[in-house]
Amino acid sequence: MPVLPDTGYQPTAEDRESLDAWFADYDTLSAQRKVDRMADMAVFPLNLVSDDSAGNGRSAQWDRAQFVETMTQVMGGGSSEDITFDSVRTPVFLSAAMAIVFSDSTMTVEGHTQQLRYADILLRRDGGWAFQTMVQGGWGDNL
């Protein structure tokens, strides 16, 4: 992952490695459509920020049940088709316990690719990372 200029909190090698490992685990669960396990990696209520099809900014909070229901629907919970992700992530550590991570990702499903750009706010709790806020365009009609 690229590192931004030398400002603010400077992450340690362990900070970076643990965040990279968290995303590797999350991507694996996403590819396997293990939505319940993905939910285990979040802090609820989960904040969502997006825009809708009318071009308006939207925000909401989801509980675990809403996350599981929506992500299962979006990801095709029963599908056996492989999903792959190729992502470049740029973390900005605000402290040892908070990071905003900007992602440019290519998702491939059934041979079709889609470019994604999004940001997540992650918190470190009890030594592990969890996402607390998702920011991505195009989700607003689901909020």
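Within the stretch 55-90, the set of residues being among the hydrophobic types (A, V, I, L, M, F, W, C) and touching a residue at least 40 places away in the same chain (Cβ under 8 Å) comprises Ala60, Val74, Met75, Ile83, Phe85, Val88. Taken over the stretch 84-143, the criterion of being aromatic (Phe, Trp, Tyr) and within 21 Å of Gln10 (Cβ to Cβ) is satisfied by Phe93, Phe102, Trp129. Looking across Phe67, Phe131, one residue alone is at pLDDT 90 or above, in contact with an Asp or Glu (Cβ under 6 Å, 6 or more places away or on another chain) and among the hydrophobic types (A, V, I, L, M, F, W, C). It is Phe131. Of all residues in the stretch 42-86, those satisfying the criterion of being outside any strand (DSSP E or B), within 19 Å of Phe23 (Cβ to Cβ) and touching a helix residue (DSSP H, G or I) at 6+ places or on another chain (Cβ under 6 Å) are Phe67, Met71.
Every listed requirement among (1) over 21 Å from Asp25 (Cβ atoms); (2) surrounded by 15 or more Cβ atoms within 10 Å (Cβ to Cβ); (3) of a type outside the set (Phe, Trp, Tyr) is met by Val101 save one, (1). Out of Ala21, Ala65, Ala54, one residue alone is within 16 Å of Arg89 (Cβ to Cβ) and either surrounded by fewer than 18 Cβ atoms within 10 Å (Cβ to Cβ) or over 15 Å from the mean Cα position of the chain (by Cα) (or both). It is Ala21. For the stretch 26-51, taking the residues that are touching a strand residue (DSSP E or B) at 6+ places or on another chain (Cβ under 6 Å) and not hydrophobic (A, V, I, L, M, F, W, C), the one that is surrounded by the most Cβ atoms within 10 Å (Cβ to Cβ) is identified as Ser50. For the stretch 12-41, the tally of residues that are among the aliphatic types (A, V, I, L, M), at pLDDT below 95 and either touching a Lys or Arg at 6+ places or on another chain (Cβ under 8 Å) or not in a helix (DSSP H, G or I) (or both) stands at 1. Of everything listed in (1) free of Cβ contacts under 8 Å to residues at least 40 places away in the same chain; (2) of a type outside the set (Ser, Thr, Tyr); (3) surrounded by 12 or more Cβ atoms within 10 Å (Cβ to Cβ), the single unmet condition for Phe93 is (1).
Are any residues in the stretch 16-40 in contact with a Ser or Thr (Cβ under 8 Å, 6 or more places away or on another chain) and either on the phi > 0 side of the Ramachandran plot or of a type in the set (Asp, Glu) (or both), and if so, which ones? Those that are in contact with a Ser or Thr (Cβ under 8 Å, 6 or more places away or on another chain) and either on the phi > 0 side of the Ramachandran plot or of a type in the set (Asp, Glu) (or both): Asp27, Arg33.
Scanning the stretch 124-143 for residues being part of a strand (DSSP E or B) and either surrounded by 15 or more Cβ atoms within 10 Å (Cβ to Cβ) or of a type in the set (S, T, N, Q) (or both) gives a total of 9.
Taking the stretch 9-43 as the range and being closer than 15 Å to Ile121 by Cβ and among the small types (Gly, Ala, Ser) as the test, only Ala42 passes.
The values are calculated or read from the model by the stated rules, or taken from the named source; none is laboratory data. Everything numeric here is computed off the predicted structure, so don't read it as measured data. Quick reminder, even Gly has a Cβ in these numbers, built from the backbone with ideal geometry, and neighbours come from all protein chains shown.
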